[in-house]
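Here the structure comes first, spelled out in structure tokens, and everything after it is commentary.
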Amino acid sequence: MSHDSATIANRAARLLSLAGKVAIVTGAGSGIGRGIALLLAEMGASIAVLEIDDAKGSSTAAEVQDQSGQAVSVHCDVRSASDCRRAVETTIQKWGKIDILCNCAGIAIRKNILELAEEEWDLALDVTLKGIFLLSREVIPDMIRNGGGSIINIGSGWSLKGGPKAASYCAAKGGAVNLTRAMAIDHGPHNIRVNCICPGDIDTPMLRSECAQLGGNVQSFMKEAANRPLARVGMPEDVANAVLFLASPMSNWITGTALVVDGGGLA
């Protein structure tokens, strides 16, 4: 390798390295959350895998450890203030700080408002939106003590436009974007950056559950989901790469933004 190539490689590594960082990822037992946890660990971060499903959380943590990374699985129902507090305390006890919080936990109930039960509305808003509030409220004081951090909320393309038979999902994900902006304004002076990623259709168990809820055929559902300029459904890794960018020094002057990662679906 020439000196120039080595210099470029070293600079790239510095810009994307998360060595010495500690990250919390919610909903990290499957789908997008799992992809995020694995990539952040690969780039050097220690990962607190927060999951309501202990078996799935333990599986993600074990996979990180199998790849020589550091991870701990922590039971957390993001609707519960006490669970969120315990999860953050557990993470700080283990690694001493929190540098990155990725709020990924969410739920998609494919119904319009006439079909939604009140309990379903509450569930969707509590998991997807209240969870961001509860965990951020626990994490931000530690980030302030440590001189800053990065919070990345996972929204949706439907954060920015409406979608059919998804009233509670659109409401929660739309709220996630504007909550992101408000948090960025409030905590920018503390060197805490807050951004939102808005994915399009990503091939995850949740997307396939949406197909089942709508009574569709999986093959035709996925074919329709791929109808976008880049002509494919997204993968968890596509979102994870964007999270890495927003967690890393590459994005040091980016806050309060909604980054669309959707293969051109909203174009």
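Structure data summary
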{"read-out": "Enumeration of residues in the range 93-115 that are buried (at least 17 other Cβ atoms within 10 Å of the Cβ) and either free of Cβ contacts under 8 Å to residues at least 12 places away in the same chain or of a type in the set (A, V, I, L, M, F, W, C) (or both)", "value": "W95, I98, I100, L101, C102, C104, A105, I107, A108, I109"}
{"read-out": "Matching entry among G57, G106, G27 (being more than 26 Å from N146 (Cα to Cα), of a type in the set (G, A, S) and in contact with a helix residue (DSSP H, G or I) (Cβ under 6 Å, 6 or more places away or on another chain))", "value": "G106"}
{"read-out": "Residue within the range 137-157 that is in contact with a Pro (Cβ under 9 Å, 6 or more places away or on another chain), surrounded by fewer than 21 Cβ atoms within 10 Å (Cβ to Cβ) and not in a helix (DSSP H, G or I) present", "value": "no"}
{"read-out": "The lone exception for D186 - which of (1) over 20 Å from the mean Cα position of the chain (by Cα); (2) assigned to a loop (DSSP other than H, G, I, E, B) it fails", "value": "(2)"}
{"read-out": "Filtered residues of the range 23-45 (kept if touching a strand residue (DSSP E or B) at 6+ places or on another chain (Cβ under 9 Å) and either in a helix (DSSP H, G or I) or surrounded by fewer than 24 Cβ atoms within 10 Å (Cβ to Cβ) (or both))", "value": "S30, G31, I32, G33, R34, G35, I36, A37, L38, L40, A41"}
{"read-out": "Unmet criterion (only one of (1) within 22 Å of K173 (Cβ to Cβ); (2) surrounded by fewer than 19 Cβ atoms within 10 Å (Cβ to Cβ); (3) within 20 Å of the chain's Cα centre (by Cα)) for R85", "value": "(1)"}
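We did not get these values from a lab; they are worked out from the coordinates using the rules stated. All values reported here derive from a predicted model rather than from experimental measurement. Every residue, glycine among them, receives a Cβ derived from its backbone with ideal geometry; neighbour counts consider all protein chains shown.
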